[in-house]
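Have a look at the structure below before the remarks.
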Amino acid sequence: MERINQEQIESLLAVAAGDVSYQSEYSKTTACIAGGRWVRKVQAWKYRDEVLEAERRAVYVKPEVPTIAAGPRSQPYAGPFPRGKHSHRCKGCEARNGQGAVACYRAKCTRPQLTATCSWCASYYGGAA
């Protein structure tokens, strides 16, 4: 990119249609033009970050919380204690990164063995645990 002086910048912006990036005397700049007049001038790296963020938001698809079927494994444990060897499986972890069941060594645990999300997945799915 070649550096241009202020008069050249003004003449460039007078005939430009759309957003124009140029190397001024001080830094790389992008002039945002609407209706033949520049609306604002912003540093080129900030403009690039704004465009990338807008593209990211446009393609973002909110993840859906996994659902589980009702059954004995998805109900809180109501049997005798000590509970014995058991594990907990989160459908959220399974869907996101293929993790399997996590062993639980608590004798008095009443949590169900199958859950939709765990505390690790709650923030990913929007706080629903």
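Quick note: the coordinates plus some simple rules give every number you see, no bench work behind them. Keep in mind that this is a model prediction, so the values were computed, not measured. Don't worry about glycine lacking a Cβ; one is built from the backbone with ideal geometry, like all the others, and counts go over all protein chains shown.
Look at Ile33, Ile68 and count the other Cβ atoms within 10 Å of each Cβ; fewest to most, that gives Ile68, Ile33. With all pairs of separate Cα atoms included, the range 43-121 yields a Kirkwood hydrodynamic radius of 15.5 Å. In this structure, Trp120 and Cys32 have a Cβ-Cβ separation that, at R0 = 30 Å, corresponds to a calculated FRET efficiency of about 0.10.
Karplus-based coupling profile of the range 59-70, in residue order and whole Hz: 9, 5, 10, 5, x, 8, 5, x, 10, 10, 6, 5, with θ = phi - 60° in 6.51 cos²θ - 1.76 cosθ + 1.60 and x standing for Gly or Pro. Can you figure out the FRET efficiency of Ala103 with Lys62, using R₀ = 41 Å and their beta-carbon distance, to the nearest 0.05? So, using R0 = 41 Å, E works out to roughly 0.80. Each residue of the range 46-57 is assigned a 3J(HN,Hα), and the resulting list reads 5, 4, 4, 5, 5, 5, 5, 5, 5, 5, 4, 5 Hz, derived from the Karplus form 6.51 cos²θ - 1.76 cosθ + 1.60 (θ = phi - 60°), x at Gly and Pro.
In terms of surrounding Cβ atoms within a 10 Å radius of their Cβ, Val39, Val61 rank from fewest to most as Val61, Val39.
Note on Val65, Val51: ascending count of other Cβ atoms within 10 Å places them as Val51, Val65, the fewest first.
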